[in-house]
Amino acid sequence: MSKKTILVAGGGGFIGGHLVQEFLKQGHDVRSVDIKPYEEWYQVHDGAENVIADLQEKEACYAACDGMQEIYQLAADMGGMGFIENNKALCMLSVLINVHMTLAARDCGSEKYFYSSSACVYNADKQKSEDVVPLKEEDAYPAMPEDGYGWEKLFSERMCRHFREDFGMYCRVARFHNVYGPEGTWEGGREKAPAAICRKVIHAKHTGDHTIEIWGDGHQTRSFMYIDDCIKGIQDITNSDILEPINLGSDELTTINGLVDMVEEIAGIKLERTHNLDAPKGVNGRNSDNTMIQDRLGWAPGIKLRDGMELTYNWIEAEYLAKYGSKTQA
Ligand code: NAD
């Protein structure tokens, strides 16, 4: 494999941090750019050129893309449902990152541009039932995405399409379905369901307060993709001839209650549950239809939810104990 110059935008984030690690392992020259101070990056890899910059600014995007053969655009102001339902304007402002990054990638003559879209682009009408029909790529239209965050993602993936058609730019787009794993956010309001549930169970275990609050009635259905599968899929899609946005997610469906059962079993405890029906809970059901990615790329998730959750639980428990310690001898 020849050595390339690679930019990971949002490299201080969860998926970006893992992607930087993968490209360094492959021997590439990697530039990692994020707006956060280094102390808040989930991973800072010494082998990369690490840069703090606000990629909503056009000049910062041009500086970041300068000399880069491949660009992976993962920077976004985002989080789990608790964040995106309450911060729609902030989510939509990520459009500035995407407009400026796409322009900069075009003008700096990058060879490949990857954009991370989301399952939140899918039409809400197709996600009303917990008894889901998995979402196919064509289900994004007619458009009725998640308000705020999903509209921005749909606009930005559409922009990639037109930069490809009108300017001949090499753009590839994946629609991620819930990604989870170690080295991600697990507290503070931006965490997603797998990390939030792990944290709540770990907190219960180490404080002796054996209760847990679940957002919604817990019957909502979802699929969750382990980070290693995501990193492999990003590269497969970027190097493919698939021009339109494609699903990148697991099709192993679970309910949120089922996910709590799983984490309780990993922790070896049973908790008393309450359900907060007013909390943000997103659509009732969502799963990824993987027909296209399986047929075209032979990609399928390799890590079962139970295995990935155990790895994630163990990492979050170590982080929790380092920060808060344990009040019990569990
Ligand atoms: P993340 O929040 O951990 O990473 C995003 C990073 O972008 C953060 O580190 C953040 O500081 C950075 N960022 C935000 N604004 C910036 C700016 N103006 N300039 C520079 N950096 C900025 O999120 P993640 O889970 O790693 O997600 C990466 C991408 O994948 C995002 O675009 C997200 O929308 C998309 N996505 C993620 C999931 C998921 O389940 N994690 C699902 C669907 C889509």
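The numbers here are math on the coordinates, done by the rules we state, and not lab data. This one's a predicted model, so the numbers in the text were calculated from it and none came from an experiment. Backbone-built Cβ (ideal geometry, glycine too); neighbour counts: all protein chains shown.
Here are a few things to note about the model shown:
- Sorted largest first, the principal axis extents computed over the alpha-carbon atoms of the chain equal 57, 44, 37 Å.
- Membrane-span-like helices in the chain, defined purely by DSSP H runs whose alpha carbon atoms cover 18 Å or more axially and whose average Kyte-Doolittle hydropathy reaches -0.5, are 94-107, 193-207.
- Quarter of Cα convex hull surface for the stretch 73-179, i.e. mean projection, nm²: 7.0 nm²
- Antiparallel DSSP beta bridges within the chain, as percent of all bridges there, nearest 5: 10 percent
- E39 paired with L321, simple spin-label distance in nm, labels 7 Å along Cα-to-beta-carbon: 2.5 nm
- Cysteines not pairable in the chain (beta carbon separation under 4.7 Å absent): C61, C91, C120, C198, C230
- Peptides ranked, highest mean first, by Cβ atoms within 10 Å: ranges 142-149, 27-34: 27-34, 142-149
- Cross-link check: pairs K192/K232; K25/K200; K88/K128; K153/K281; K88/K126 evaluated at a Cα-Cα cut-off of 24 Å; pairs beyond the cut-off: K25/K200.
- Orientation-averaged projected area, Cα convex hull of the stretch 203-300 (nm²): 7.8 nm²
- The simple Förster model, with R0 at 25 Å and r as the Cβ-Cβ distance, assigns N239 and E310 a FRET efficiency of 0.20.
- Neighbours of T274, meaning other residues whose beta-carbon lies under 13 angstrom from its beta-carbon, give a summed charge of -3 when Lys and Arg score +1 and Asp and Glu score -1.
- Distance in nm between pseudo-label sites at D125 and H162 (7 Å out along the Cβ direction from Cα): 2.4 nm
- Hull shadow area, averaged, the stretch 1-50 [alpha-carbon convex hull, nm²]: 2.9 nm²
- Neighbour net charge for I303 - beta-carbon separation under 14 angstrom, K R +1, D E -1: -3
- Measuring nothing but alpha carbons in the stretch 7-116 and taking Rh as the Kirkwood radius, the Rg to Rh ratio lands at 0.96.
- Expressed as a fraction of 2.2 N^0.38 Å, the value expected for a compact globular protein of N residues, the C-alpha radius of gyration of the stretch 156-206 is 1.85.
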